[in-house]
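Below: one structure, written as structure tokens.
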Amino acid sequence: MKELLKELCLINGVSGDESAVREFIIGRVKDFCEYRVDPLGSLICFRRGRQSSDKKLMICAHMDEVGFIVTYINADGTLCFDEVGGVNTTVAIGRQVRVGKGGISGVVGSTAVHNLSKEQCEKAPEYGGMYIDIGASSKEEAEQYVSLGDCVYFDSEFTEFGGNIKSKAIDDRVGCAMMIRLIQEQPEFDTYFVFNVQEEIGLRGSGASAFSVAPDFAIVLEATTAADIDGASGANRVCCLGDGPVVSFMDRRTLYDKELYALAMDTAKELGVPCQTKTKIAGGNDAGAIHISGRGVRTIAVSLPCRYLHSASCVIAERDLEPSYQLVKRLAERIQEL
């Protein structure tokens with residue numbers, strides 16, 4: 001699954017521009033399932049299992065990643081831009097990026113440090129005071145390569161170090177990788193697998209796809225914030241790399257189904273795999289739109305702990321991959337017992 005994750009992470013797919021990710025996934029699943037693309041661009045797959053059931057289960061992950069968008073081209077050829085999804089300016093400044101379908105290289109810059117006042121030095125930069133330098137010397141030259149509305153992606157390598165994996169877009173290509181494997185290996189029961197668009201800008205794709213599928217149960221696969229570094233203690237660590245998948249009881253968008261939460265924890269014990277929960281009520285994911293879709297959907301989220309989320313250098317522990325996959329696979333079977 002690691003090689004599959006690498007291929008997925010290195011594809012560019014900022015919210016609203018997920019087509020390359022979607023086409024890659026279709027190539028991996030088309031021989032195993034029925035599929036269609038909804039009007040917003042989400043990929044909805046139906047995989048027949050070894051058994052049928054009157055309980056409709058949907059497993060989903062999102063294809064999009066955080067990034068930026070070009071908003072204006074300055075006279076000197078630099079680009080004004082804004083965030084797509086929640087990207088803190090401190091993780092953007094100084095980063096190498098790729099701009100547009102042509103993948104033009106650029107660097108995120110801002111006012112030179114020696115030109116900043118003391119007060120400015122003590123504050124995080126704002127997007128209005130930052131720019132992307134693509135090496136153009138004029139607006140006319142930049143316009144030969146870049147258009148307003150072009151997407152901008154982090155330029156980041158997939159790197160392994162100390163048992164960990166670093167890349168852009170691990171949120172949520174790791175969920176996509178697990179779903180591709182589940183489809184290829186065939187689930188025990190008939191299952192819908194949905195690869196959603198536009199999660200990072202307000203859970204938009206999942207609201208539409210959940211309405212279309214109208215499931216009874218949903219398992220949302222995600223990456224979630226780990227703060228297990230020096231200086232964070234107790235609940236503020238949220239979750240930890242290497243301690244297995246994260247099953248949340250609540251976040252800022254969802255209060256998860258309590259029976260499903262208990263079932264997930266019990267399933268981890270049954271399998272003998274490590275499992276943890278989030279110790280801070282923070283963030284949100286596609287469950288926020290799914291659980292209130294239609295007549296309501298019983299929903300649970302299973303996430304991989306991830307450091308430096310929404311940056312060019314998301315980090316997960318490789319040893320968390322297989323336990324997370326096995327938990328989701330078995331949980332999908334046990335849901336049918338409810």
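A few points about this structure:
Let's see how each residue does on (1) open to solvent by less than 10 Å² (accessible area, probe 1.4 Å); (2) among the charged types (D, E, K, R); (3) more than 18 Å from the chain's Cα centre (by Cα); (4) under 29 Å from Lys56 (Cβ atoms):
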residue: Thr279; (1), (2), (3), (4): no, no, yes, no
residue: Ala282; (1), (2), (3), (4): no, no, no, no
residue: Ile300; (1), (2), (3), (4): yes, no, no, yes
residue: Ala312; (1), (2), (3), (4): yes, no, no, no
residue: Gln326; (1), (2), (3), (4): no, no, yes, yes
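- For the range 72-86, the candidate set comprises residues that are in contact with a helix residue (DSSP H, G or I) (Cβ under 9 Å, 6 or more places away or on another chain) and closer than 18 Å to Ser15 by Cα; within that set, the residue that is surrounded by the fewest Cβ atoms within 10 Å (Cβ to Cβ) is Asp82.
- Strands (runs of 3 or more DSSP E) contained in the range 1-82 and holding at least 1 residues free of Cβ contacts under 8 Å to residues at least 40 places away in the same chain: 34-37
- In the range 284-298, residue surrounded by the most Cβ atoms within 10 Å (Cβ to Cβ) [restricted to those that are among the aliphatic types (A, V, I, L, M) and not in a helix (DSSP H, G or I)]: Val297
- Test: residue in the range 256-272 that is of a type in the set (S, T, N, Q) and either open to solvent by 20 Å² or more (accessible area, probe 1.4 Å) or part of a loop (DSSP other than H, G, I, E, B) (or both): no
- Criterion (under 28 Å from Tyr308 (Cβ atoms), in a loop (DSSP other than H, G, I, E, B) and of a type in the set (A, V, I, L, M, F, W, C)) met by exactly one of Ala124, Ala136, Ala177: Ala124
- Some residue of the range 168-179 being open to solvent by 50 Å² or more (accessible area, probe 1.4 Å) and either more than 21 Å from Ile300 (Cβ to Cβ) or modelled with pLDDT of 95 or more (or both): no
- The residues of the range 279-308 that are in contact with a helix residue (DSSP H, G or I) (Cβ under 9 Å, 6 or more places away or on another chain) and at pLDDT below 95, listed by number, are Thr279, Lys280.
- Filter result for Ile201 (in contact with a strand residue (DSSP E or B) (Cβ under 8 Å, 6 or more places away or on another chain) and over 30 Å from Lys258 (Cβ atoms)): no
- Contact map, the range 211-233: first residue touching a residue at least 24 places away in the same chain (Cβ under 8 Å), second residue among the aromatic types (Phe, Trp, Tyr) and surrounded by fewer than 24 Cβ atoms within 10 Å (Cβ to Cβ), Cβ cut-off under 8 Å, separation 6 or more or different chains; pairs are Val213/Tyr192; Pro215/Tyr192.
- Tyr145 being in a loop (DSSP other than H, G, I, E, B) and open to solvent by 30 Å² or more (accessible area, probe 1.4 Å): yes
- Candidate set from the range 198-217 (those that are of a type in the set (A, V, I, L, M) and within 17 Å of the chain's Cα centre (by Cα)); member that is surrounded by the fewest Cβ atoms within 10 Å (Cβ to Cβ): Ile201
The values are calculated or read from the model by the stated rules, or taken from the named source; none is laboratory data. For clarity, every value in this text was computed on a predicted model and none was experimentally measured. With ideal geometry, Cβ positions are generated from the backbone for all residues, glycine too; neighbour counts draw on all protein chains shown. When the accessible area is computed, the model is the full protein with side chains, heavy atoms only, and any ligands, DNA or RNA have been set aside. Shrake-Rupley method; radii C 1.70, N 1.55, O 1.52, S 1.80 Å.
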